[in-house]
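J.: Sharing a structure, written as structure tokens. Questions coming.
The values are calculated or read from the model by the stated rules, or taken from the named source; none is laboratory data. Keep in mind the model is a prediction, meaning the values are calculated, not measured. For neighbour counting, all protein chains shown are included, and Cβ atoms are generated from backbone atoms with ideal geometry for every residue, glycine included. We work out accessible area using only protein heavy atoms, side chains counted, and drop any ligands, DNA or RNA first. Shrake-Rupley method; radii C 1.70, N 1.55, O 1.52, S 1.80 Å.
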Amino acid sequence: DTAVSQTPKYLVTQMGNDKSIKCEQNLGHDTMYWYKQDSKKFLKIMFSYNNKELIINETVPNRFSPKSPDKAHLNLHINSLELGDSAVYFCASSPKHGGKRNEQFFGPGTRLTVL
Amino acid sequence: AQTVTQSQPEMSVQEAETVTLSCTYDTSESDYYLFWYKQPPSRQMILVIRQEAYKQQNATENRFSVNFQKAAKSFSLKISDSQLGDAAMYFCAYRAYNNNDMRFGAGTRLTVKP
């Protein structure tokens, strides 16, 4: 019973391609997130969505676009992939926006390699 | 902007011994949360322990405890009776009370020697 799941776990692709990473949570949470972990293990938030509304949008390239078909899903679509996009991408979810004990639960990560 | 600093890129500890991982942060907020996450080789991010800034008492979870010094903006993690399974990257993280913007430190790689 994986609470936050991501597919695929590994993704190898060529520069210039368009790819998507899917995320689903079965916790009934209102808010979902995408993080990027680079080769030095630095973890940085990219986006968060609350009830289909973008709350946080860090300075990521507009080639990255989060898409949320419903509250349980937040997919990450990447256009025109570049070498520097190679990283591990984590999806996470939390019960609500801000507030007390709003713990974030992480998915297993997707390792993206751009050749 | 809030920043989180972990000054120890790597630490090692002998099995059954105690180790302390350091974390400092910078914020102008008065109400916030601090976390320690563990990332083993499996990549999964696992919450180890959390601390609410308004609580003076240090959080404890079994062998894991924190030393929270609010005035010094310090939040160290102590692991007692270290086990081989504790070997992982450990990330300190900060979140202000009223938003979801979680800020992570650069991580400390912990090695446990048998």
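J.: Any idea of B:ARG109's accessible area? Nearest 10 Å², probe 1.4 Å.
T.: 100
J.: What whole-number value in Å² describes the accessible area per residue of chain A for a 1.4 Å probe?
T.: Here the per-residue accessible area is 49 Å².
J.: Along region B:93-99, what does the Karplus equation 6.51 cos²θ - 1.76 cosθ + 1.60 (θ = phi - 60°) give for ³J(HN,Hα), rounded to whole Hz, x for Gly and Pro?
T.: 9, 10, 9, 5, 4, 9, 8
J.: Here's a follow-up. Evaluate 2.2 N^0.38 Å with N set to the residue count of chain A, then give the Cα radius of gyration divided by it.
T.: Here the Cα radius of gyration is 1.01 times the empirical estimate.
J.: Quick one: grab the alpha carbon gyration tensor of chain B, order the square roots of its eigenvalues as a ≥ b ≥ c, and give me rounded if a/c is under 1.5, else prolate or oblate depending on whether a/b is larger than b/c.
T.: prolate
J.: While we're on this one: Using a 1.4 Å probe, what is the accessible area per residue for region B:12-114, in Å²?
T.: Value returned for region B:12-114: 44 Å² of accessible area per residue.
J.: Residues with beta-carbon under 13 Å from that of B:ASN58, excluding B:ASN58: net charge, scoring Lys, Arg +1 and Asp, Glu -1?
T.: Net charge around B:ASN58: +2.
J.: Can you compute the charge dipole magnitude of the protein assembly as shown about its Cα centre, using +1 on each Lys and Arg Cβ and -1 on each Asp and Glu Cβ, nothing else charged? Give it in debye, rounded to the nearest 20.
T.: With Lys and Arg at +1 and Asp and Glu at -1, about 60 debye.
J.: With point charges of +1 on the Cβ of Lys and Arg and -1 on the Cβ of Asp and Glu, referenced to the Cα centre of region A:25-98, which listed residue (A:GLN37, A:SER86, A:ASN57) lies farthest in the positive direction of the dipole?
T.: The one lying farthest along the dipole's positive direction is A:GLN37.
J.: Could you give the dipole magnitude of chain A about its Cα centre, charging the beta-carbon of Lys and Arg +1 and that of Asp and Glu -1, in debye to the nearest 20?
T.: Approximately 200 debye in magnitude.
J.: Right, another one. Give me the percent of accessible area attributable to carbon and sulfur for chain B, probe 1.4 angstrom.
T.: 44
J.: Can you give the net charge of the other residues whose Cβ lies under 14 Å from the Cβ of B:GLU17, counting K and R as +1 and D and E as -1?
T.: Computed value for this residue: 0.
J.: Quick one: what are the phi-derived ³J(HN,Hα) couplings along region B:75-86, Karplus 6.51/-1.76/1.60 with θ = phi - 60°, whole Hz, x for glycine and proline?
T.: Those phi angles translate into 8, 9, 10, 10, 10, 9, 6, 3, 10, 4, x, 7 Hz.
J.: Could you report the buried accessible area between A and B, both sides summed, computed with a 1.4 Å probe and given in Å² to the nearest 100?
T.: Interface between A and B: roughly 2200 Å².
J.: While we're here: Between the chain alone and the structure with every protein chain in place, find the residues of region B:41-59 that drop at least 20 Å² of accessible area; heavy atoms, 1.4 Å probe.
T.: Flagged in region B:41-59: B:ARG43, B:GLN44, B:MET45, B:LEU47, B:ARG50, B:GLU52, B:TYR54.
J.: Just the projected area, averaged over all directions, of the convex hull on the alpha carbon atoms of region B:74-114: how many nm²?
T.: 3.8
J.: Further question: Do any residues of region A:45-68 lose at least 20 Å² of accessible area when the full set of protein chains is present rather than just their chain alone, and if so which, with a 1.4 Å probe?
T.: A:ILE45, A:ILE56, A:GLU58
J.: Let me ask something additional. List every residue whose amide H lies under 5 Å from the amide H of A:THR31, counting only residues 5 or more places away in sequence or on a different chain, with H placed 1.01 Å from N in the peptide plane.
T.: Distant-sequence amide H within range of A:THR31: A:SER94, A:LYS96.
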